[in-house]
Structure formats: structure tokens, C-alpha cells
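First up is the structure itself, then whatever we jot down about it.
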Amino acid sequence: MRKKIIALDGPAGAGKSSVSKMVAKRLNCTYLDTGAMYRAITYEALKRNISEEKEIVQMVENLNMDICAKEDTMHVFIDGEDITQYLRTSEVSSNVSRVSAFQGVRNAMVKLQRKVAEKGNAVLDGRDIGTVVLPDADLKIFLTASVHTRALRRYKELKDTDTTLERIEEEIKRRDNLDMTRKISPLRKADDAILLDNSDLTLEETADKIISYWKKVSE
């Protein structure tokens with residue numbers, strides 16, 4: 001059977017992680033949430049109270065990061081501690097775009113992501129999978145949705161009770177701008193990627209469409 005490499009890119013709150021997880025399970029693939037990896041770096045930098053690029057890159061170069069799947073969820077470990085539960089806080093969300101734009105951080109993460117993909121049968125999601133990390137992926141999807149839809153999804157996902165929907169909408173607009181205008185690996189649709197707007201689709205319907213696309217390219 002042909003090995004599968006599926007790349008899903010898109011803006012914050014488009015549902016990449018949830019959809020990728022479902023697609024990977026249905027196709028019996030490994031799922032790699034690259035966004036969680038960058039969130040882990042951001043969380044660790046905040047924890048250590050460092051913000052300068054040089055300091056963060058130095059931290060990454062000496063960081064012991066492990067990833068593994070537990071009950072269909074990718075867990076991230078730093079120095080043996082499972083930090084997955086801390087990765088979706090508003091503080092991490094507000095800082096992850098800035099941290100992930102650092103060249104040294106991206107170099108380290110891309111190397112690890114490619115190592116996972118080399119084994120084949122993998123679904124990876126992020127901002128630059130189809131354009132930078134895996135430009136030769138068998139199937140590339142650019143998943144998006146309206147700002148309001150994405151904000152509503154993130155509002156339900158965030159654990160902070162004092163966060164408002166309006167605040168999240170503004171944060172998503174800010175992140176979109178940062179992600180699309182950064183000099184290193186900006187968020188953009190690969191020329192050969194399929195644009196999929198899931199504003200009015202359920203998680204299952206979105207996964208169904210991606211799997212149907214896969215069946216077409218794998219014939």
C-alpha cells in the first residue's frame with residue numbers, strides 16, 4: 001500500500017488539529033500537530049521568563065522535547081514532563097506567532113517534523129507544512145474559515161474563563177496578520193494545495209472531504 005503524506009495548513013482556529021487527528025485515525029496514519037510543538041517552545045520560554053530571540057533559540061538547542069500519541073492525542077513532553085494541558089492558554093496563544101517566527105526555532109522544529117514524516121503514513125498540520133516542511137507531500141490542503149467561526153471555535157476550546165469572544169476575534173486577526181507577513185515561512189496557500197473553507201462544515205464533513213481528495217490523488 002502506498003505511504004501517505006498529507007499536509008494541512010491554515011490560519012488559527014480553522015480546525016486543523018481536530019480534522020487532522022480524525023483523518024489520521026481513519027486512514028491509520030501518524031498524526032503530528034506541529035502547532036503544539038511551537039506552543040511548547042512558547043510555553044517554556046514564558047515559564048523561564050525569556051523573550052529575546054537569542055535566548056529562546058539557545059533554549060531550544062538544549063531542550064529535551066519528546067512527542068507521543070496517547071488516546072488519539074499528541075502529547076508533548078519537556079524534560080520528561082507532560083505539558084500538553086498548558087499549551088492552549090490565551091497567554092501561549094498570544095505569543096506563539098512571535099516565537100515561531102524565529103529562524104533558529106523553526107530550523108529545529110522543521111528538522112524534527114521531517115524526521116517523523118520520513119517514516120511515511122503521516123498527517124501533519126501547521127502553517128508552512130505544504131510550502132516549507134513537506135513541499136512534496138502527496139496531498140496538500142489549505143483549511144480556512146471565517147474569522148467569527150474561528151474565534152467561536154477557539155472560545156469553546158480555551159480554558160481561560162475570563163476571555164471574551166470579541167477579544168479572541170481581535171487576537172485571531174492579529175495572529176493572521178503576523179503569520180501572513182512574517183519574513184520566515186509566512187502563512188500562505190501552496191500553489192498545488194486544495195483550498196477548503198469549512199465555515200459551514202462539521203468536523204466529520206471536513207474530514208470526509210479530505211479523505212475523498214486523498215482517494216483521488218492515490219488512485
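I'm told Arg39 meets every condition in (1) basic (Lys, Arg); (2) crowded, with 22+ Cβ neighbours inside 10 Å; (3) closer than 18 Å to Lys115 by Cα except one. Can you identify the failing condition by its number?
Going through the list (1) basic (Lys, Arg); (2) crowded, with 22+ Cβ neighbours inside 10 Å; (3) closer than 18 Å to Lys115 by Cα, Arg39 breaks only (3).
Give me a count of the residues in segment 1-16 that are buried (at least 21 other Cβ atoms within 10 Å of the Cβ) and modelled with pLDDT under 90.
3
Which condition from (1) outside any helix (DSSP H, G or I); (2) in contact with a helix residue (DSSP H, G or I) (Cβ under 6 Å, 6 or more places away or on another chain) is the one that Ile172 breaks?
Of the numbered conditions (1) outside any helix (DSSP H, G or I); (2) in contact with a helix residue (DSSP H, G or I) (Cβ under 6 Å, 6 or more places away or on another chain), the odd one out for Ile172 is (1).
From Gly80, Gly104, Gly126, Gly130, grab the single residue that is among the small types (Gly, Ala, Ser), out of contact with any helix residue (DSSP H, G or I) (no Cβ under 7 Å at 6 or more places or on another chain) and surrounded by 14 or more Cβ atoms within 10 Å (Cβ to Cβ).
Details: Gly80 fails: surrounded by 14 or more Cβ atoms within 10 Å (Cβ to Cβ); Gly104 fails: out of contact with any helix residue (DSSP H, G or I) (no Cβ under 7 Å at 6 or more places or on another chain); Gly126 fails: out of contact with any helix residue (DSSP H, G or I) (no Cβ under 7 Å at 6 or more places or on another chain).
None of the others qualify; the one that does is Gly130.
Of everything in segment 197-219, what is part of a loop (DSSP other than H, G, I, E, B), without any contact (Cβ under 8 Å) to a residue 60 or more places away in the chain and surrounded by 15 or more Cβ atoms within 10 Å (Cβ to Cβ)? Give them in sequence order.
In the first step, residues of segment 197-219 are kept if they are part of a loop (DSSP other than H, G, I, E, B); the result is 198-202, 218-219.
Remaining after also requiring without any contact (Cβ under 8 Å) to a residue 60 or more places away in the chain: 199-202, 219.
Scanning segment 197-219 gives a single hit, Leu201.
Within segment 133-149, how many residues are part of a loop (DSSP other than H, G, I, E, B) and surrounded by 22 or more Cβ atoms within 10 Å (Cβ to Cβ)?
Applying the first criterion (part of a loop (DSSP other than H, G, I, E, B)) to segment 133-149 yields 134-138, 145-146.
Of the ones still in play, those that are also surrounded by 22 or more Cβ atoms within 10 Å (Cβ to Cβ) are 134, 137, 145.
Going through segment 133-149 one residue at a time, the tally reaches 3.
Looking at the structure I just gave you, is Glu53 surrounded by 14 or more Cβ atoms within 10 Å (Cβ to Cβ), at pLDDT 90 or above and of a type in the set (Asp, Glu)?
Numbers: surrounded by 14 or more Cβ atoms within 10 Å (Cβ to Cβ): yes; at pLDDT 90 or above: yes; of a type in the set (Asp, Glu): yes.
For Glu53, the condition - surrounded by 14 or more Cβ atoms within 10 Å (Cβ to Cβ), at pLDDT 90 or above and of a type in the set (Asp, Glu) - is met.
Quick test of your reading of the structure: Lys189 fulfils all but one of (1) touching a strand residue (DSSP E or B) at 6+ places or on another chain (Cβ under 7 Å); (2) more than 22 Å from Leu27 (Cβ to Cβ); (3) not in a loop (DSSP other than H, G, I, E, B). Name the failing condition by number.
Every condition holds for Lys189 apart from (3).
So Ile194 fits all but one of (1) of a type in the set (Val, Ile, Thr); (2) closer than 22 Å to Met37 by Cα; (3) in contact (Cβ under 8 Å) with a residue 24 or more places away in the chain; what number is the exception?
Every condition holds for Ile194 apart from (2).
Could you tell me which of the residues Leu178, Leu152 is surrounded by 13 or more Cβ atoms within 10 Å (Cβ to Cβ), within 16 Å of the chain's Cα centre (by Cα) and part of a helix (DSSP H, G or I)? Can you show your working first?
On the way: Leu152 fails: within 16 Å of the chain's Cα centre (by Cα).
Just a single option satisfies the conditions, and that option is Leu178.
The values are calculated or read from the model by the stated rules, or taken from the named source; none is laboratory data. These figures come from a predicted structure and were not determined experimentally. For neighbour counting, all protein chains shown are included, and Cβ atoms are generated from backbone atoms with ideal geometry for every residue, glycine included.
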